[in-house]
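K.L.:
Structure in C-alpha cells, see below.
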Amino acid sequence: MQFPAEPFRIKVVETLRPTTREERVKWLEAAGYNLFKVPAESIYIDLLTDSGTSAMSDKQWAALMVGDESYAGSRSFYRFESVIRDLFGYKHVIPTHQGRMAENLLFGAVVTPGDVVPNNIHFDTTRANAEQAGAKAVDLVVPEGLDPQHRGLFKGNMDVGRLDRVLDENQGRVPIVMLTITNNSGGGQPVSMANARATAEVCRRHGVPLFFDACRFAENSWFIQQREEGQANKSVKQIAQEMFALGDGCTMSAKKDGLVNIGGFVAMNDGALAERITHRLILVEGFSTYGGLAGRDLEAIAQGLTEVLDEHYLRFRIGQVRQICEALTDAGVPIIQPPGGHAVYLDAKAIAPHIPPAAFPGQAIAITLYRDYGIRGVEIGSLMFGSEDPVTGAPIAPPLELVRLAIPRRVYTEAQLAYVARSVIEVHRNAGRLKGLRITHGAPFLRHFTASLEELPAGVPAVPVGR
Ligand SMILES: Cc1ncc(COP(=O)(O)O)c(C=O)c1O
C-alpha cells in the first residue's frame, strides 16, 4: 500500500490502550451490540465520524491561549469574522456551537410551514431542522449519486433540471435552496464548479437564495482542482472563493474542515435575515460575538480554516481515503466508488448477501470489525434509516446498506490505516460467518443511537422490531 507521506510530524501523542477480543466481547454484550454505547477507550481505531475528531495543530493550540473571553466585542470574534469574510465572502458572520444550530437558526428564520427546501442530499440534521421548521426537505442529487458503482467524478451534483421543475411547481413556497459540499449522505462525493454555477443560475432565475452546507468545502475544492476541466491552475482557496461567490450564504459545521473539535457558523449577505437570526441566537446560544462558543474556540476555528487550505495537507488527506479504497478494491471488497473525501463506504448488501436488510448486514460487519479488530465504524442502512409499514409492521429498508469508516483529520498514521484495510479485507474474506441481528429494545426515533440488539444464530431469518 502506498499511502501519501504525512505533511506534519507528531508533537503530542495520545496513548491507546490495547484491549483483547475477550474484553470487547463483554463490552459489546453490555452495550447491546450498539457501537454508540461501547466505551471509546475500548477502541483501537475509531472511524465512527470525521466530525469533531480532528487533531489540532500547534498553531491552533497556541491560538487557544490568545482567545479573548470578553462577553461582547471579543477580539477573537473579529479575527474569526475576518477569516470567514475573506474566504466565504459573506457580509454577516454568526457563530454557533456546531452545524446543526446554524441550520436551526437559518431554517427557523426563512421557512414557513408548507414550504419546500431542495438540496442535493440533506444531511440528517439538515433534513430534521428543515422539517422541524415545517418544510418538506427534498433531495435532488443527480441519478448517478445514488449508484454505488458509478464512477462519476462529481456524483454530489444537483440535478439542475429537477431543481428547475421543483421551483416551477412550488412558486412562492421555496424560501431557500441548499447545496451540500461535499455530499456527505451520498458518500462524500463532490459538487463541480459548473454544477454549482448552473444551480445558482436556476436559483437566480426563480429569485430564490442559494446557501451552501459548507462542512467539507476544502475537500470539495480540492476535488474540483484535481478533476474539473479548467480548474487545475487555481488554488484551492481561489476555487472556494469562486464557489461561495455563486451563493447568498452558507451554514458550516467547523468540526469538519474547520479542523476543530467544536464550532460552526451561519453567514449571509442579507442584512435583514442576519438581524432576525441574531435575535434568536441571543435567546438560544449567546451574544452575537461568541454564539455558544468560547473566544478561544473562535481563534482555533479561524486558524483551522486557514490551515485546511494547505494543498499538501489536502493531498495527504484525500490520499489517505483513496489509498484505503484502492487497497479494498484491489482485494475485491465492494465499496462506494469512486472514493469520496472523508470516508470509505462498505457495500454491506454485496459483502453479506446472506443477511437480509431486516437483520442489519451493515451492523453485522460493524460489530465484527469492533469485536475482532478493535475498529469502530458506523452502520448506515436499515438500523439507521429503516422503518416499518404502519399497517403490516413489515420492515422497510433504505436503498443502500452501508458501513461508513470515516477518517478523522490528521489523526491516524499509515500503519494504522493499513491495519484497517487488512482487517476489512479479512472480514470480507470470511463474510459467510457474519451473523444477522435483531433489535431487542428500540427507540421511537434515531434508534441507531440507543437501540439494543442481539446476534441471531447463523441461518435464523430476521425478526422485525418488537415482534
Ligand atoms: C453535511 C453536514 N451538514 C451538517 C452537519 C451537522 O453538523 P454538526 O454535527 O456540527 O451539528 C454535518 C455533520 O456531520 C454534515 O456532515
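K.L.:
List every residue pair whose Cβ atoms sit under 8 Å apart, with the two residues 6 or more apart in sequence or on different chains, where the first one lies in segment 153-168 and is farther than 15 Å from Asn184 by Cα and the second, anywhere, is in a strand (DSSP E or B) and of a type outside the set (D, E, K, R).
P.N.:
Asp159/Val141; Leu163/Pro118; Leu163/Val177; Val166/Val116; Val166/Pro118; Val166/Val138; Leu167/Pro118; Leu167/Val177
K.L.:
Does Phe244 satisfy the condition of being under 28 Å from Met101 (Cβ atoms) and buried (at least 24 other Cβ atoms within 10 Å of the Cβ)?
P.N.:
Numbers: under 28 Å from Met101 (Cβ atoms): yes; buried (at least 24 other Cβ atoms within 10 Å of the Cβ): no.
No: the conditions fail for Phe244.
K.L.:
How many of the residues making up segment 207-220 are touching a residue at least 40 places away in the same chain (Cβ under 8 Å) and away from the ligand (no atom under 15 Å from the Cβ)?
P.N.:
2
K.L.:
Now, a different point. Run down Gln231, Gln238 and say which single residue is assigned to a helix (DSSP H, G or I) and either among the polar types (S, T, N, Q) or crowded, with 24+ Cβ neighbours inside 10 Å (or both).
P.N.:
Working: Gln231 fails: assigned to a helix (DSSP H, G or I).
Only one candidate passes the filter, namely Gln238.
K.L.:
If you don't mind, there's one more thing I want to ask. Evaluate segment 134-145: report whether one residue or more is farther than 29 Å from Pro339 by Cα and not charged (D, E, K, R). Steps first, answer last, please.
P.N.:
Within segment 134-145, the subset farther than 29 Å from Pro339 by Cα is 134-136.
Imposing the further condition that a residue be not charged (D, E, K, R) reduces the set to 134-135.
Checked against the condition, which is being farther than 29 Å from Pro339 by Cα and not charged (D, E, K, R), segment 134-145 yields at least one hit.
K.L.:
Tally up the residues in segment 106-163 that are within 16 Å of the ligand (Cβ to nearest atom), at pLDDT 95 or above, aliphatic (A, V, I, L, M) and in a helix (DSSP H, G or I), please.
P.N.:
Looking only at that region, the number is 2.
K.L.:
Would you mind stating whether Glu6 is away from the ligand (no atom under 16 Å from the Cβ) and part of a helix (DSSP H, G or I)?
P.N.:
Details: away from the ligand (no atom under 16 Å from the Cβ): yes; part of a helix (DSSP H, G or I): no.
For Glu6, the condition - away from the ligand (no atom under 16 Å from the Cβ) and part of a helix (DSSP H, G or I) - is not met.
K.L.:
Take Gln98 and decide whether it is within 24 Å of Phe385 (Cα to Cα), within 16 Å of the ligand (Cβ to nearest atom) and within 17 Å of the chain's Cα centre (by Cα).
P.N.:
yes
K.L.:
Looking at (1) aliphatic (A, V, I, L, M); (2) within 11 Å of the ligand (Cβ to nearest atom); (3) within 21 Å of Ser82 (Cα to Cα), which is the one condition that is false for Leu281?
P.N.:
Among (1) aliphatic (A, V, I, L, M); (2) within 11 Å of the ligand (Cβ to nearest atom); (3) within 21 Å of Ser82 (Cα to Cα), Leu281 violates only (2).
K.L.:
Mind counting the residues in segment 166-184 that are among the aliphatic types (A, V, I, L, M), farther than 17 Å from Glu131 by Cα and within 16 Å of the ligand (Cβ to nearest atom)?
P.N.:
Of the residues in segment 166-184, 1 are among the aliphatic types (A, V, I, L, M), farther than 17 Å from Glu131 by Cα and within 16 Å of the ligand (Cβ to nearest atom).
K.L.:
When residues of segment 243-262 are filtered for being over 11 Å from Ile94 (Cα atoms), within 11 Å of the ligand (Cβ to nearest atom) and of a type outside the set (Val, Ile, Thr), how many remain?
P.N.:
Looking only at that region, the number is 7.
K.L.:
When the residues of segment 42-66 are filtered to those that are polar (S, T, N, Q) and in a loop (DSSP other than H, G, I, E, B), which remaining residue is farthest from the ligand (Cβ to nearest atom)?
P.N.:
Going residue by residue through segment 42-66, those that are polar (S, T, N, Q) are 42, 49, 51, 53-54, 57, 60.
With the extra rule that they be in a loop (DSSP other than H, G, I, E, B), the set shrinks to 49, 51, 53-54, 57.
On the way: Thr49: 7, Ser51: 4, Thr53: 11, Ser54: 12, Ser57: 20 Å.
So, considering only residues that are polar (S, T, N, Q) and in a loop (DSSP other than H, G, I, E, B), the one farthest from the ligand (Cβ to nearest atom) is Ser57.
K.L.:
Output yes when any residue across segment 291-311 is part of a helix (DSSP H, G or I), touching a Pro at 6+ places or on another chain (Cβ under 9 Å), of a type in the set (Val, Ile, Thr) and farther than 16 Å from Phe223 by Cβ, and no when none is. Spell out the reasoning first.
P.N.:
Taking segment 291-311 first, the residues part of a helix (DSSP H, G or I) are 295-307, 311.
Right, trim to touching a Pro at 6+ places or on another chain (Cβ under 9 Å) and you get 297-298, 301.
Pick out the ones that are also of a type in the set (Val, Ile, Thr) and you get 301.
Imposing the further condition that a residue be farther than 16 Å from Phe223 by Cβ reduces the set to 301.
Yes, segment 291-311 has at least one match.
The values are calculated or read from the model by the stated rules, or taken from the named source; none is laboratory data. Owing to the predicted nature of the structure, the values given are computational and were not obtained by experimental measurement. Heads up, the Cβs are rebuilt from the backbone with ideal geometry, glycines too, and the neighbour counts pull from every protein chain shown.
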